[in-house]
Amino acid sequence: MSVAPLRTVDTQIVPDAGAGTESGTAGTAISVDGVRKIYDTGRERTEAVSGVSFDVKRGEFVAILGPSGCGKSTLLMMCGGLESITSGRIDIEGVAMTQPRPSIGVMFQDASLLPWKTVLENILFPIKILKRPMAEYTERARSLIDMVGLHGFEDKKPHQLSGGMRQRVAICRALVYDPDILLMDEPFSALDAITRDEMGEALLDIWEQYTKTALFVTHSIREAVLLADRVLVMTRRPATIVEDIRIPFGRPRPRDVSGSPEFNEICVYLRSLIESGHGAAQGRRSGDGPVLQPGRRGA
Amino acid sequence: MSITANSSGAAILDIAAPSRVRRLIRANMAVILPVATALSVLIVWQIVTVAFQIPRVILPAPSEIGAHFLTNLPALLNHARHTGLEALGAFVLATAAGATLAGLMAAFPLAREILQPNLVAFQLIPKIALAPMFIIWLGIDTPSRLAFAVFMSFFPVVISTTVGLSNTDPVSLRLCRSLAASGVQTFFQVRVPFALPYLFNGMRIASTMAIIGVVVAEFISSRAGLGFYILYSSSRMETVGIFSALLMLCIVGLVLFGAVVLAERIVRRTYLA
């Protein structure tokens, strides 16, 4: 379990392609073990997540792919300590997850910037909450702003920005206090298709420089394949993981990879999985376990 | 500027030559329209009273009211001072109490569960009907008028602020939780700023309710104030005096209302900066 971290959390550029994908020696950042979530309203019990297990290595970018309402967001929120776990166990950096901690950054579907604060103030909001030295982090915030292409917008208010720009600010806000792990809950799903692609690229740019462990929830197949080192496929309720595939494209990821035949092949395969998952989920009794066994590594 | 001989010639002129005056008018339409409407009502009022020789006791002409207002200005100002100060005091107390109570209800869910339904039910009581009780409880002087005005203006503040505090953007609250923010941090850095527009909305309503409260209380017991002046004028069948007092009440109301708007601007600029 305790293995030396792949790299220091010092956030410097390590242009070591495939570091997160190849290395079997990297420590486990997130360990999810038999996690279930049951919403019990008293009148009825809904199983949102049922018996999900997986590990995420340090420095790895993992996407959880599944149809809307399949419980993947609930799973992510449990990893962030924002939802209680009904049974099972989530360990983050070896410590059981019971409540939120600042070493985990969360990005939500909605940028939800504070409307009365400027871009810079919004990005520095976590610093204020965590009572860290403002002056020190202002510089970091400014470099993040430059990196996501918001230079010159530091003093604008959220209502003066487009949806994509707001989500860029949210990326900066999630990274400014340097969390070890980044949890992203469909952060681009509210954006139009073109902006969405741009945001994917912006996220790749920034992630390849800061390399955090990342767990990214999405219902977009292409987005998952474009961004992630590994894709976990979830089916609809009760939500289980039916596939765990490794994406063979290295880092830094070529931006034109989405045009390659291999990319499309993976997308087609994932789509067929999700579609058969639908049928299977309806056809089988709950608790039968995954339709496909995980472990088809290196597709 | 020549006009083309065209069926829509006027329209073309309109677009081609927006004179400076016309542009000014268009820019200030929001002011011009209501003022013009009010002025035309006054003019019609004046014409009707003169033309139909309506008795002064029934409806005095605007010109008479204006003249009466100016000649009695010192007395009216003195009465306005009484009413205005009591209304201001009541408004400040109601705002402080209402905001505090709303804050407590937001911070302690149990307090909200206990108080909120009761507040809503209480809100339904026609509060003016209780005015005589305040005389019985607190006597015939300032304390009873003040208390009654506070009673009138307190509810808009507490209800509006409570709505504001419970309408905080849920994702922002989640963000705070993900940062392990303390309850105090979340309250003052996220919930209160989100609730401020609601608080000021409640305060704007409270400012008018406070004046109503004081005037009603003055109707019941007072030796000065605009409510007293109205009652006094009416007992002497001096209708023009009632209208003068009403005009003065409008001015007092506008001043208090304006003060709230100004305060909102200042708070937005400082607290939310």
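The values are calculated or read from the model by the stated rules, or taken from the named source; none is laboratory data. Model, not experiment: these values are computed from the prediction. Cβ: placed from backbone, ideal geometry, glycine included. Neighbour counts: every protein chain shown. Surface areas here come from the heavy atoms of the whole protein model, side chains and all, with no ligands, DNA or RNA. Shrake-Rupley method; radii C 1.70, N 1.55, O 1.52, S 1.80 Å.
Overview of values
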quantity: Output for the stretch B:243-272, where each listed residue is in contact with a helix residue (DSSP H, G or I) (Cβ under 9 Å, 6 or more places away or on another chain) and within 14 Å of chain A (Cβ to nearest Cβ); calculated: B:Glu264, B:Val267, B:Arg268, B:Tyr271, B:Leu272
quantity: Restricting the stretch A:87-112 to residues that are in a loop (DSSP other than H, G, I, E, B) and open to solvent by less than 20 Å² (accessible area, probe 1.4 Å), the residue that is farthest from A:Ser189 (Cα to Cα); calculated: A:Met97
quantity: Residues within the stretch A:119-132 that are open to solvent by less than 20 Å² (accessible area, probe 1.4 Å), within 9 Å of chain B (Cβ to nearest Cβ) and not hydrophobic (A, V, I, L, M, F, W, C), tallied; calculated: 1
quantity: Wholly within the stretch B:101-196, helices (runs of 4 or more DSSP H) carrying at least 1 residues that are more than 11 Å from chain A (Cβ to nearest Cβ) and crowded, with 17+ Cβ neighbours inside 10 Å; calculated: B:109-123, B:131-138, B:142-166
quantity: Residue count, the stretch A:164-197 (criterion: within 12 Å of chain B (Cβ to nearest Cβ), open to solvent by 10 Å² or more (accessible area, probe 1.4 Å) and among the aliphatic types (A, V, I, L, M)); calculated: 1
quantity: Conditions (1) touching a Ser or Thr at 6+ places or on another chain (Cβ under 6 Å); (2) away from chain B (no Cβ under 12 Å); (3) modelled with pLDDT under 90; number of the one not met by A:Asp91; calculated: (3)
quantity: Single residue of the stretch A:133-154 satisfying the filter (surrounded by 16 or more Cβ atoms within 10 Å (Cβ to Cβ) and touching a residue at least 40 places away in the same chain (Cβ under 8 Å)) that is nearest to the other protein chains (Cβ to nearest Cβ); calculated: A:Tyr137
quantity: Any chance B:Leu73 is in contact with a Leu (Cβ under 8 Å, 6 or more places away or on another chain) and either surrounded by fewer than 21 Cβ atoms within 10 Å (Cβ to Cβ) or modelled with pLDDT under 95 (or both); calculated: no
quantity: The listed residue being at pLDDT 95 or above and either open to solvent by 70 Å² or more (accessible area, probe 1.4 Å) or closer than 30 Å to A:Pro115 by Cβ (or both), out of B:Met203, B:Met237; calculated: B:Met203
quantity: Matching residues in the stretch A:85-107 - criterion: being in contact (Cβ under 8 Å) with a residue 24 or more places away in the chain and within 19 Å of A:Val49 (Cα to Cα); calculated: A:Ile85, A:Thr86, A:Ser87, A:Gly88, A:Arg89, A:Ile90, A:Asp91, A:Ile92
quantity: Failed condition for B:Val240, given (1) within 14 Å of chain A (Cβ to nearest Cβ); (2) out of contact with any strand residue (DSSP E or B) (no Cβ under 8 Å at 6 or more places or on another chain); calculated: (1)
quantity: When residues of the stretch B:45-99 are limited to those that are charged (D, E, K, R) and part of a helix (DSSP H, G or I), the one nearest to B:Arg112 (Cα to Cα); calculated: B:Glu86
quantity: Strands (runs of 3 or more DSSP E) fully within the stretch A:170-262 counting 3 or more residues that are modelled with pLDDT under 90; calculated: A:241-246
quantity: Some residue of the stretch A:46-55 being under 22 Å from A:Leu204 (Cα atoms) and either assigned to a helix (DSSP H, G or I) or assigned by the TED database to the domain that holds A:Ala239 (or both); calculated: yes
quantity: Residue satisfying condition, being of a type in the set (Gly, Ala, Ser), assigned by the TED database to the domain that holds A:Arg246 and in a helix (DSSP H, G or I), within set A:Ser68, A:Ser84, A:Ser73; calculated: A:Ser73
quantity: Residue that is surrounded by the most Cβ atoms within 10 Å (Cβ to Cβ) [pool: residues in the stretch A:62-82 that are more than 14 Å from chain B (Cβ to nearest Cβ) and out of contact with any strand residue (DSSP E or B) (no Cβ under 6 Å at 6 or more places or on another chain)]; calculated: A:Pro67
